[in-house]
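Take a look at the structure set out below.
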Amino acid sequence: MAKRPPPGKCVHCLKDPVERDWDHVFPEAFYPNSSPKDQYKWQVPSCVPCNNALSKIEDDFLRRVGLCLDPFSPASRDIAFKAYRAHTPAAGKNERDRNARAALRKRVLDQAVEAATYPEEAIYPGMGVRSGIPKEDHLAVVMPVETFDRLTEKIVRGIFYLADKRFIELPFVVHSFPLHPAASGPIRELIETFAKTYAREPGIIVRRAVTDDGISSLFEIEFWGQLKRYATVLRP
């Protein structure tokens with residue numbers, strides 16, 4: 001087990017000095033079983049409160065998005081299976097665990113909507129109807145925007161620290177957003193021309209293009225070869 005980092009600044013909340021632990025930039029549970037066995041899992045120093053808060057966000061993201069991933073792709077099949085088991089009471093270790101899984105299943109189903117009645121522009125790019133099943137037989141899983149934003153910012157801050165040992169501090173802020181493939185031409189051109197790639201395949205590929213000031217930047221984050229999120233680091 002790796003030693004805890006010494007007290008210092010938290011990558012996420014920037015408090016300094018604080019007691020710190022290691023935070024996985026790409027959450028440990030997100031690495032598929034098809035990842036190389038000797039692959040180093042990115043870690044950065046984070047305060048314990050940030051670690052705990054982000055862990056809850058990561059769990060919620062995995063349990064919801066995992067239900068929408070391709071269950072036959074080597075990059076995501078065991079992630080999809082994890083999400084399925086998280087919603088399956090019979091998979092619980094004890095009564096308390098079974099009740100928690102049942103409550104999660106009910107909460108997600110109560111929030112779900114019929115995909116056929118949902119506007120196409122509200123479906124996250126890459127997360128639409130799969131497997132040739134008619135759209136009217138699909139349910140759309142609802143994901144809070146804040147979950148996407150917090151997870152994206154966590155990864156952006158982590159990559160900056162890994163690459164440059166830098167913290168993203170005011171006045172610079174992280175802004176994240178989805179982008180439909182049909183509208184991504186100019187941004188894709190910038191990324192293809194200027195970006196450096198940081199990858200832990202097949203789980204995640206991060207592409208980062210940085211300007212001359214060393215911090216203003218553009219990110220493309222690809223999860224399991226199926227879902228992309230974009231982000232900028234800019235002055236407001």
**Study point:** Theoretical ellipticity at 222 nm over the chain - DSSP helices of four or more residues, -39500 (n - 2.57) apiece, nearest 500
**Key:** -10500 deg cm²/dmol
Check your understanding: Could you give the angle, 0 to 90 degrees to the nearest 10, between helix 77-86's Cα long axis and the longest principal axis of the Cα atoms of the chain?
Key -> 70 degrees
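Would you please name the trypsin sites (Lys or Arg not before Pro) within region 65-130 that are DSSP coil residues with at most 14 other C-beta atoms within 10 Å of their C-beta? It would help to have the intermediate numbers written out before the result.
Details: sites: R77, K82, R85, K93, R96, R98, R101, R105, K106, R107, R130; in loops: K93, R130.
In loop regions of region 65-130 (DSSP not H, G, I, E or B), the sparsely surrounded trypsin sites (Lys or Arg not before Pro) are K93, R130.
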Exercise for review: Measure nothing fancy, just the Cα-based angle from helix 185-194's long axis to the longest principal axis of the chain, in degrees from 0 to 90, nearest 10.
Suggested key: 50 degrees
Review point. Using unit Cβ charges (K, R positive; D, E negative) and no other charged atoms, how large, in debye to the nearest 20, is the dipole of region 155-234 about its Cα centre?
Key: 220 debye
Review point. Quick one: longest stretch of the chain between exposed loop GluC sites (Glu not before Pro), exposed meaning at most 15 other C-beta atoms within 10 Å and loop per DSSP?
Key: 20-168
Check your understanding: So what is the orientation-averaged projected area of the chain, using the convex hull of its C-alpha atoms, in nm²?
Key -> 14.7 nm²
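Kindly identify region 192-236 as rounded, prolate or oblate by the Cα gyration tensor criterion: order the square roots of the eigenvalues as a ≥ b ≥ c, call it rounded if a/c is under 1.5, otherwise compare a/b with b/c, prolate if a/b is larger, else oblate. Mind showing how you got there, number by number?
Values: a/c = 2.91, a/b = 1.88, b/c = 1.55.
Prolate, since a/c reaches 1.5 and a/b exceeds b/c.
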Exercise for review: Using only alpha carbon positions, build the gyration tensor of region 160-235, then give the equivalent ellipsoid semi-axes as the square roots of 5 times its eigenvalues, largest first, whole angstrom.
Suggested key: 20, 15, 12
Check your understanding: Which whole-Hz couplings ³J(HN,Hα) result when phi for each residue of region 215-223 is put into the Karplus expression 6.51 cos²θ - 1.76 cosθ + 1.60, θ = phi - 60°, listed in order with x for Gly and Pro?
Key -> 9, 4, 7, 10, 10, 10, 10, 10, 9
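Considering only Cα-Cα distances, which of the following residue pairs are longer than 26 Å: K9/K37; K3/K154; K41/K196; K82/K106; K41/K82?
On the way: K9/K37 31 Å; K3/K154 22 Å; K41/K196 19 Å; K82/K106 17 Å; K41/K82 19 Å.
K9/K37, as the Cα separations exceed 26 Å there.
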Review point. Using alpha carbons only, how many degrees (0 to 90, rounded to 10) separate the axis of helix 145-164 from the longest principal axis of the chain?
Key: 40 degrees
Review point. Considering only G66, A2, V174, whose Cα is most displaced toward the positive end of the charge dipole of the chain, charges sitting on Cβ of Lys, Arg (+1) and Asp, Glu (-1)?
Key: A2
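Where a number appears in this text, it was derived from the coordinates with a stated rule and is not lab data. Remember, predicted model here, so these are calculated numbers, not experimental data. Virtual Cβ from ideal backbone geometry, glycine too; neighbours counted across all protein chains shown.
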